[in-house]
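A short write-up of the structure that comes next.
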Amino acid sequence: MRIIAVVIRILRQFISDKRTMALMIVAPIIILTMLSLVFNGDDLELKLGVRNTPESIVEQMEKHASVKPIASDETVESTLKKDYDAVIDFGNGAKKLYLEGSDPSINRAVINMVQSSSMGKNQEMDLEVSYLFGSNNMSSFDHFGPVLVGFFIFFFVFLIAGVSFLRERTQGTLERVLATPIKRWELVTGYVIGFGLFTMLQSAIIALYSIYVIDLMMEGAFLYVLLITLMLALSALTLGTLLSSFAKNELQMIQFIPLVVVPQIFFSGLFNLDTISNYLSWIGPLTPLYYGADALRSVMIKGQGLTDIWIDLLVLLGFSIVFMILNIYALKKHRRI
């Protein structure tokens, strides 16, 4: 009977917590649906520019890729930066293949396709391959690494900040502070700066370890990587504190992870964004990790600078400001006087 009494008590707790009941059913369905649309989206279409290339080879490549001729006065670098995967130039008797180079899987796919389209008598063609970014030694981990660095910084800052801010409320500290003349914006700013000092240290350690210990590719300046991770951590910090206002305990705070954090990894570049279904592709630009991962790849793989990543940084700052403003309004329900 005592066992039955415990079982009944647990069941009543779950039934009374409708958010937990809903999450147990809704969250897996949402994530499985996203995975289905990610992996069953459009096939990857290679984008190639051609110049001085025999028509027979172009016709063969058009069966497997989007092929467009490029003007003779257009530079290879400018063409590749226009979202092309490669440029092929067979002029002056040479057989040159210029790869954008930031994704090893696309590099291999382009080389194999060009070889198969131009093979004569089953002999492999002697191609002169050049890379705009990366190299033939670039590994898949170098490609995914910047995304993973951004994701783990975002995930742990979101979780720790949210739970810590929630604990301030459940222990009564927040209500006592709100009972003082302090303004809500001052309180939010203070918490963000206080937690932010620790997230700065965390971000710096993770970035240093990733680059100098596990040897992720690093073509740009470390200062820019640190700046990006700090801005990404700030957006996670402000989002975590905002959502903690709508949680009653740590369990409910953790319940936000599969709905708020996990879906972001689908749109961060860990999976090729060109293959994601149109039903989901619009979500990416609405998530902080989308911009953080793009900026990290731009610096770590492509060696780009502030002029190339300033939009991503500005958007991340914008997310943080919006989350802070919403948090100020969310604190209204906790102020009793």
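The values are calculated or read from the model by the stated rules, or taken from the named source; none is laboratory data. Quick caveat: nothing in here was measured; it's all calculated off a predicted structure. Please note: Cβ atoms are built from the backbone with ideal geometry, for glycine as well, and neighbour counts cover all protein chains shown. What goes into the accessible areas is simple: the full protein's heavy atoms, side chains included, and nothing from ligands, DNA or RNA. Shrake-Rupley method; radii C 1.70, N 1.55, O 1.52, S 1.80 Å.
Some observations on this one:
- Each residue, Ser16 and Ile3, gets one label point 7 Å from its Cα in the Cβ direction; the gap between the two is 2.5 nm.
- Coordinate range along principal axes, alpha carbons of region 225-337, Å, largest first: 53, 30, 21
- The chain: most fluctuating residue of Thr53, Thr307, Thr238 per GNM, C-alpha cutoff 10 Å: Thr307
- Sparse-neighbour loop sites [trypsin sites (Lys or Arg not before Pro); region 176-229; at most 15 other C-beta within 10 Å; DSSP]: Lys183
- The chain: most fluctuating residue of Ala65, Ala233, Ala293 per GNM, C-alpha cutoff 10 Å: Ala65
- Listed residues Met324, Met300 arranged by accessible area, highest first, probe 1.4 Å: Met324, Met300
- Once C-alpha pairs closer than 8 Å and six or more residues apart are averaged by separation and normalised to the residue number of the chain, the relative contact order reads 21 percent.
- Residues with amide H under 5 Å from that of Ile301, placed H, sequence gap 5 or more: Glu219
- 21 Å Cα-Cα threshold exceeded, pairs from Lys47/Lys96; Lys95/Lys302; Lys63/Lys302; Lys68/Lys302: Lys95/Lys302; Lys63/Lys302; Lys68/Lys302
- When shorter helices are ignored and each DSSP H run of at least 4 residues is given -39500 (n - 2.57), the per-residue value for the chain at 222 nm works out to -20000 deg cm²/dmol.
- The solvent-accessible area of Asp215, taken with every protein chain present and a 1.4 Å probe, is close to 120 Å².
- Within a Gaussian network of the chain (alpha carbon springs, distance under 10 Å), most fluctuating of Thr180, Thr170, Thr199: Thr180
- Net dipole in debye of the chain [+1 Lys, Arg Cβ; -1 Asp, Glu Cβ; about Cα centre; nearest 20]: 2540 debye
- Only beta bridges with both residues in the chain are counted; by DSSP, about 30 percent of them are antiparallel.
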